[in-house]
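Here's the structure, in structure tokens; my notes come after.
The values are calculated or read from the model by the stated rules, or taken from the named source; none is laboratory data. Please read these numbers as outputs of a predicted model, since none were measured by experiment. Cβ placement follows ideal geometry from the backbone for every residue including glycine, while neighbour counts extend to all protein chains displayed. Remember, those area values only see protein heavy atoms, side chains included, never the ligands or the DNA or RNA. Shrake-Rupley method; radii C 1.70, N 1.55, O 1.52, S 1.80 Å.
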Amino acid sequence: YIMAGPSLAEVTRRYAALTGRAPLPPLWALGYHQCRWGYQYEAEFRELAVRFAAADIPVSALWYDIDYMDGYRLFTWDRVDFPDPAALNRDLKAMGIRAVTIVDPGVKREPGYAVYDSGREQVAFCQTASGREYVGKVWPGDTVFPDFTLETTRTWWAGWLTAFLRDSAVDGVWLDMNDPATGYSRTEEMRFSHGAIAHDRYHNQYAHFMAMASQQACEQRDPEGRSFLLTRSASAGTQRYSAVWTGDNASNWQHLRMALPCSLNLSLSGMAFNGPDVGGFMDDTRAELLVRWHQAGCLFPFFRNHSIRHSRPQEPWQFGPGPLAAIRGAIHTRYRLLPYLYQCFFTHWRDGDPVIRPLLYHYTGPEYVDLDDQYLLGDALLVAPILHGEGQGPEIVRADVKMQERSVRLPPGYWFDLNRGEWVEGGRLLAYAAALDELPLFVRDGAVVPYYAGLLNNSIMDWSSIELHLFCRKQSARFEYLLDDQVTRRYQSGAYGVARISAHLVGERLTVAIAEAGAYPQDTVRFIPVVYGRPEVRELEFTVNGRTITRPLQTEQREWLCRKWSVRA
């Protein structure tokens, strides 16, 4: 296929149209996730829920790594460590915390084990050229692998996974080791279609077919609901079924720096829902590194803290009150901006634009071609995280506070600095210094950013009232806010609406108009304008679906990343 642009955006949208756009995820999947290889007792999960609440940090999902299983057998639980997993997961869900379990493709080769016996009866496993079962050496020991290229195998797998999800009250599935990883066995001896097709024909699609089968299970469990799958490996089109994470990274500054171009390139390649292991998976993290990981990743599409067994624990509270406050600020910013992030996912599904984008996506010029240490969330927010630690790059001391300094490329026009609460003129390279609790974050002039101002209680949020943060210094603003039930897949059949928002400056008055259309009931969301403009703008004319009110603007205090400053509301 050849896809002519000429722009990067046009090529990206056409590629997304060809291979498929990612569906809207469940809202909880867009929150903060906590995982560690080594959580292996029910009490640990209950304690995690308590610790997050005590730290005033919302968490939307807790993850079970391989330790939850009985001898690493798929679709089982260790009933000593987890005597009643369904009750545990239902209790977590009542607190707004969903459960996600790891599910590898490898099935323990053990006669008498029901999953193996049924798969053998169905001839569901990959074979060698001689027609024997291909046997790998993975977590359970001798391991066989479902041949997901066969529709019969996908149906068999979906049946087992559906029952496991239902019986265990699990909400999401983590597809790991699906490269496929076969341990010490020779991967090339694994063949497909009952041994008739060589391994290299489907090696790169193995995880893709596994994701298809797992998505089938999710739909069987909840025919109208949205599923959440995460996969380590993928191929073109896997985004239709699963999110992707970037695999086993390490807790160091180089891997933090690498995370940005890695996720940006995945985004341009159709994988809209992606992200790294925040904090780094392998090795021991440190306080400053963990803070900067959370700040860099807090606006990535996928946001999960994950670490390896026997490494230093890296939950947000592990390094004391200072780092905890900085990490809390980054996570709170994520939850406050979830309505905007959700709109970015909706726009991707509708039009094919990535959720996060390099600046080159919207701005032309040689200065943007190799710029991969900052990114855009949608077309409005510019994120320029600090990617080096103390003593590793430029730094300054201001008011007895040590700050790390970096260059920020601001495109032409005005940008609002969400740390400082002030407008900055763009079209230049800006030297920016940030303290440990600061993430350089800017909003362009002419932007509308939906914002959640309600209580933060894990994934439990009431979006019936949404603030519209209007950034209008010199530019008028336009935005389409897409409305749906946020729970089902009915939007795919057209059951969604659009609120067209416009804001214009006329002298001392800001005129804001919202007109709703489409197949979704009007006035289900109460929009509240918050203005970031010029001091001389004193009056707001606000029209919603033909109803107009005019009132003076009042100054209020707002908090971003633990910094307070005044806005007009």
Rounded Å value of the spacing that divides the Cα centres of segment 491-569 and segment 351-395 = 28
request  = Over the chain, calculate the relative contact order: mean separation of alpha carbon pairs under 8 Å at least 6 apart, over the residue count, as a percent.
outcome  = 12
Selection of chymotrypsin sites (Phe, Trp or Tyr not before Pro), segment 45-92, meeting DSSP coil and at most 16 other Cβ within 10 Å = none
task = Could you sort 305-311, 381-387 so that the peptide with the highest average Cβ count within 10 Å comes first and the rest follow in order?
result = 381-387, 305-311
inquiry  = Could you compute the net charge surrounding L505? Neighbours are other residues with a C-beta less than 12 Å from the C-beta of L505; K and R count +1, D and E count -1.
reply    = 0
inquiry  = Quick check: from the Cα gyration tensor, does segment 283-386 come out rounded (a/c under 1.5), prolate or oblate?
reply    = prolate
key: Relative contact order (percent, whole number), segment 356-512, Cα cutoff 8 Å, 6+ residue spacing   = 15
query = Mind listing which chymotrypsin sites (Phe, Trp or Tyr not before Pro) in segment 125-212 are in a DSSP loop and have 14 or fewer other Cβ atoms within 10 Å?
reply = Y184
task = May I ask for the net charge around L430, where only other residues with Cβ less than 12 Å from the Cβ of L430 are counted and Lys, Arg are +1 while Asp, Glu are -1?
result = +1
message = Quick check for me: using +1 on Lys/Arg Cβ and -1 on Asp/Glu Cβ, what's the dipole size of the chain about its Cα centre, in debye to the nearest 20?
response = 1060
note = Correct response: the longest run of the chain lacking exposed GluC sites (Glu not before Pro), defined by DSSP loop and at most 15 other Cβ within 10 Å, is 1-223
request  = On a C-alpha basis, how far is the centre of segment 1-18 from the centre of segment 42-66 in Å? Whole number, if you could?
outcome  = 42
query = What does the accessible area of M258 come to, in Å² to the nearest 10, when a probe of 1.4 Å is used?
reply = 110
query = Name the trypsin sites (Lys or Arg not before Pro) in segment 385-459 that are in a loop by DSSP and that have at most 16 other C-beta atoms within 10 Å, would you?
reply = R420
note = Relative contact order in percent for segment 397-476 (Cα pairs under 8 Å, 6+ apart) equals 27
inquiry  = Considering only C-alpha atoms, what is the centroid distance from segment 177-228 to segment 405-426, in Å?
reply    = 46
note = Honestly segment 413-547 on the Cα gyration tensor test (a ≥ b ≥ c root eigenvalues; a/c under 1.5 rounded, otherwise a/b vs b/c for prolate or oblate) is just oblate
request  = Rounded to the nearest 500, what is the 222 nm mean residue ellipticity of the chain from helices alone, with -39500 (n - 2.57) per DSSP H run of 4+ residues and division by all residues?
outcome  = -7500 deg cm²/dmol
key: 14 Å beta-carbon shell around R21, net charge (K/R +1, D/E -1)   = +3
